[in-house]
Amino acid sequence: MVILITGASAGLGLAIAKQLIETDHQIVLTARADSIKRFTDQGIVATDRVWIRTLDVTSDKQRVSLIEEVNVSLGGVDVLVNNAGVAFRSCVEHVTEPERLHQMNINFRSPIELARLVIPGMRSRRRGKIINISSVGGMMAMPTMSVYSASKFALEGASEAMYYELKPWGISVTLIQPGFMRSDA
C-alpha cells in the first residue's frame, strides 16, 4: 500500500508519519522545501520504503510531478492524507487578499487538486482512501478565524460530496476534525 502524506514534517503530519514508518507500507512524506530538514532532525531518513519529497501543495507543477513519479515508480497512491494546512489569526478587515488566497489555496484548493490527481488511479483499481484533515474550525467559526474557518468549511463540503461520488468505486473519503493544536510548521 502506498500512502502519501502532505505537510508531514511537523505537527499532526509528523505524528502520522512516525506511526506509519513503523508499518510495512510504502510511505511518501512531503513538506515545503524550507521544512524538509525537519525529517532529518526527527531521525527520519529516506529509504526505498520511505520517500521524502519536497512539495509546495499550492504548486500545480509540483503536485502533478509528484503524482506522476508515484504512479510510474510505485503504481499509484492508495491512501492520500491531505494534512498540509495554514492558519492566520486576524479580524476579517485586517486579512490581506494574499493571506486570504494563501489560506484558501493550502487548506481547500490544494487538497482537492491532489485528490483529483489520484482519483483516476484509485478508480481504475476500484479502491483507495482520501483522508482530509480539517479542523473544529471547519464546524464552527470563531473570532479572528474567519478565513481559516471558510477554507475548512469548503474542504468539509467538498469532502462530503466526494464521499458520495467515490463510494461506488470503492474509494472512501474520510474527514478528520482535530481540535486546535500547536505546530511549528
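The values are calculated or read from the model by the stated rules, or taken from the named source; none is laboratory data. The shown structure was predicted, so the numbers you read here are calculated from the model rather than taken from an experiment. Positions of Cβ are backbone-derived with ideal geometry, glycine not excepted, and every protein chain shown enters the neighbour counts. Surface accessibility is based on the protein's heavy atoms, side chains included, excluding ligands, DNA and RNA. Shrake-Rupley method; radii C 1.70, N 1.55, O 1.52, S 1.80 Å.
For the range 30-185, what is the Kirkwood hydrodynamic radius in Å, using each pair of distinct C-alpha atoms?
For the range 30-185, inverting the mean 1/r across all distinct Cα pairs yields 16.6 Å.
Taking the Cα atoms of the range 44-100 alone, what are Rg (to one decimal) and Dmax (as a whole number) in Å?
In Å, with Rg to one decimal and Dmax whole: 16.1, 48.
Run the helix sum for the chain: -39,500 (n - 2.57) per DSSP H stretch of 4+ residues, divided by residue count, reported at 222 nm to the nearest 500 deg cm²/dmol.
-13000 deg cm²/dmol
Would you kindly calculate the mean projected area, averaged across all directions, of the convex hull enclosing the Cα atoms of the range 1-121, in square nanometres?
Convex hull of Cα atoms, orientation-averaged projection: 7.7 nm².
Below 8 Å between Cα atoms, with a sequence gap of 6+, how large is the relative contact order for the range 1-159 in percent?
23
I want to check a number: in the chain, how many lysine pairs have alpha carbons closer than 27 Å, given a sequence separation of 8 or more or different chains?
9
Below 8 Å between Cα atoms, with a sequence gap of 6+, how large is the relative contact order for the range 42-122 in percent? The partial results should precede the final answer.
Values: 46 pairs, mean separation 28.2, N = 81.
Relative CO of the range 42-122 lands at 35 percent.
Provide the solvent-accessible area of Lys167, counting protein heavy atoms only and rolling a 1.4 Å probe, rounded to the nearest 10 Å².
Ignoring ligands and nucleic acids, Lys167 comes out at about 120 Å².
Let me cross-check Phe88: its accessible surface, 1.4 Å probe, with only protein heavy atoms counted, in Å² to the nearest 10?
Accessible area, nearest 10 Å²: 70 Å².
At a Förster distance of 30 Å, what's the computed FRET efficiency of Glu97 paired with Glu165, Cβ-Cβ distance as r, to 0.05?
Details: r = 31 Å, r/R0 = 1.05.
Rounded to the nearest 0.05, the efficiency is 0.45.
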